[in-house]
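The values are calculated or read from the model by the stated rules, or taken from the named source; none is laboratory data. Remember, it's a predicted structure, so these values are computed and weren't measured experimentally. In this analysis, Cβ positions are derived from the backbone assuming ideal geometry, glycine residues included, and neighbour counts consider all displayed protein chains. We work out accessible area using only protein heavy atoms, side chains counted, and drop any ligands, DNA or RNA first. Shrake-Rupley method; radii C 1.70, N 1.55, O 1.52, S 1.80 Å.
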Amino acid sequence: MRLYIIGAGVIGRTHAEAAKKLSEPIQLHVADTNPEAVTSFCKQFPEAIGFTKVEEMLSSEAAQNDDIVIISTPPMAHFDPTKLALESGRHVLCEKPLAMNSSQAQEMVRTADKHDRLIGCCSVRFKGMPHMEAVKKLIRSGCLGDIYHVTFVNKWERSRSGIEYQPASRWFLDSAKSGGGVLMDWGPYDFATLNDILNPNVIEINSAWMVKPVTEIDPVDTLFDVETHVGASMTFNCDNHPIHVQYERASCAHGEGYVKAEIEGTLGSLRWTPFDSRQPVYRRYDKQGHFVEEQVEVGPRSEYTIFDNPLLHFYRKVKGLESHANVNQQALNNFRCIRSLYTAAKTGQKQTVDIAQNGVTI
Ligand SMILES: NC(=O)c1ccc[n+]([C@@H]2O[C@H](COP(=O)([O-])OP(=O)(O)OC[C@H]3O[C@@H](n4cnc5c(N)ncnc54)[C@H](O)[C@@H]3O)[C@@H](O)[C@H]2O)c1
């Protein structure tokens, strides 16, 4: 099978590593506009054929039905190579966030549909992990009763991409290159998770806010105009049943950092750590007026890591196998949730996102 990676940076290399774990030999190609990135990539993966022009790589051979192109460039360079790759007749797995804005994302999915290709998003990195599946199984079992409230908070005190994390990639800080801050960076995972677990038909974003708390090491040598702390009050309507979701995400905050994901129902609650599969899942319920807390049994950890998952899920989808990939309309829906939060924060107006049910497992 042939794999074409566009963007030979940090995450492009993790996809090349993941390709080694697929169940068939992979012919690896890479393109990056920076010749030094191509050289160092090909040094790390000597089997790769390197290019400095995307068009040249895509036209170097005729497309085959299961060719996969991975877009692992910064967000401002997702749209053009995605369109080129789809028009060349290949399936595309795009890094998160899917695009800079909703109209780009819509156009990308339209192009995929027109050419009968799949477009997937890497926001599914945490989907299918045993702790997530254990949470889903318990929800679907009905043992929590009617679910009415979810707390979903991931508040880190200092973990800004482009400053504390991966300081060499300053593009994270400039909204003209990244499309936004911590919401564009981590929101794709948050919504891929929430939508997978709650399976809503319609999401209402009742209110949202976003800010950039100031630190004494804020860079002055580069544009830094993205939010690092965001929150929202949402209602996930699941078959006409409302679930109230309190959402918060921060890569920089002066308040105390904490992580809390809790689902509350009329018969019990669940607590877990969505982005750390080593942490336990807890269930609470009532016994004679007192709460009982039990650790939930979770399946064995997978041999695949969060860096393997996007390609693994997408590869399975391309091969027509059961898969956790989010493709086409579903990838677009997840992205629309994120952009709607920006609109709600900017306008102060409630936003509504209709979620198509196709491809969603209930
Ligand atoms: N770094 C991470 O941990 C991480 C994790 C998950 C997802 N992502 C996502 O992956 C994407 C890339 O992030 P990264 O951290 O690997 O960035 P990076 O800065 O390490 O690398 C980006 C690479 O893309 C190349 N590039 C830029 N424009 C190009 C173009 N038009 N054509 C071809 N190549 C081009 C650059 O030269 C660079 O080598 C982003 O969307 C990011 O959100 C990153």
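Restricting the first residue to segment 188-213 and requiring it to be farther than 17 Å from Gln349 by Cα, which pairs with a second residue that is among the small types (Gly, Ala, Ser) meet a Cβ separation below 8 Å and a spacing of at least six or different chains?
Note: pairs meeting the criteria are Pro188/Ser123; Tyr189/Ser123; Phe191/Ser123; Ala192/Ser123; Lys212/Gly181; Pro213/Ala253.
Within segment 31-38, does at least one residue satisfy the condition of being open to solvent by 40 Å² or more (accessible area, probe 1.4 Å), within 8 Å of the ligand (Cβ to nearest atom), on the phi < 0 side of the Ramachandran plot and β-branched (Val, Ile, Thr)?
yes
From the residues in segment 39-58 that are aliphatic (A, V, I, L, M) and open to solvent by less than 30 Å² (accessible area, probe 1.4 Å), which one is farthest from the ligand (Cβ to nearest atom)?
Result: Ala48.
Give the residue, chosen from Glu293, Glu297, that is without any contact (Cβ under 8 Å) to a residue 40 or more places away in the chain and not in a helix (DSSP H, G or I).
The conditions single out Glu293.
Which condition from (1) aliphatic (A, V, I, L, M); (2) farther than 24 Å from Ala105 by Cα; (3) touching a helix residue (DSSP H, G or I) at 6+ places or on another chain (Cβ under 8 Å) is the one that Val353 breaks?
Val353 satisfies all of (1) aliphatic (A, V, I, L, M); (2) farther than 24 Å from Ala105 by Cα; (3) touching a helix residue (DSSP H, G or I) at 6+ places or on another chain (Cβ under 8 Å) except (2).
Among Leu183, Leu267, Leu194, Leu198, which is the only one that is within 30 Å of Gly142 (Cα to Cα) and surrounded by 23 or more Cβ atoms within 10 Å (Cβ to Cβ)?
Leu194
Anything in segment 105-126 that is assigned to a loop (DSSP other than H, G, I, E, B), surrounded by 21 or more Cβ atoms within 10 Å (Cβ to Cβ) and away from the ligand (no atom under 14 Å from the Cβ)? List them, or say none.
Arg117
Test Arg249 against the criterion of being in contact with a helix residue (DSSP H, G or I) (Cβ under 8 Å, 6 or more places away or on another chain) and not hydrophobic (A, V, I, L, M, F, W, C), and give yes or no. So that I can check it myself, show each step before the final result.
On the way: in contact with a helix residue (DSSP H, G or I) (Cβ under 8 Å, 6 or more places away or on another chain): yes; not hydrophobic (A, V, I, L, M, F, W, C): yes.
When the stated conditions are applied, Arg249 passes them.
Restricting attention to segment 278-290, which residues are open to solvent by 60 Å² or more (accessible area, probe 1.4 Å), assigned to a loop (DSSP other than H, G, I, E, B) and within 17 Å of Lys260 (Cα to Cα)?
Passing the criteria: Arg278, Gln279.
Against the definition (more than 8 Å from the ligand (Cβ to nearest atom) and part of a helix (DSSP H, G or I)), how does Lys21 come out, yes or no?
Details: more than 8 Å from the ligand (Cβ to nearest atom): yes; part of a helix (DSSP H, G or I): no.
No; evaluated as a whole, the condition is false for this residue.
For Ala8, are the conditions met, namely being assigned to a loop (DSSP other than H, G, I, E, B) and in contact with an Asp or Glu (Cβ under 8 Å, 6 or more places away or on another chain)?
Judged against the criteria, Ala8 is a match.
Can you tell me which residue within segment 62-81, out of those that are in a loop (DSSP other than H, G, I, E, B) and more than 10 Å from the ligand (Cβ to nearest atom), is least open to solvent (accessible area, probe 1.4 Å)?
Checking each candidate, the answer is Asp67.
Condition first: more than 12 Å from the ligand (Cβ to nearest atom), outside any strand (DSSP E or B), touching a Gly at 6+ places or on another chain (Cβ under 9 Å) and open to solvent by 40 Å² or more (accessible area, probe 1.4 Å). Now tell me which residues in segment 143-174 satisfy that.
Hits for segment 143-174 are Asp146, Trp156, Glu157.
How about segment 82-92: which of its residues are more than 11 Å from the ligand (Cβ to nearest atom) and either open to solvent by 10 Å² or more (accessible area, probe 1.4 Å) or not in a helix (DSSP H, G or I) (or both)?
Lys83, Glu87, Ser88, Gly89, Arg90, His91, Val92
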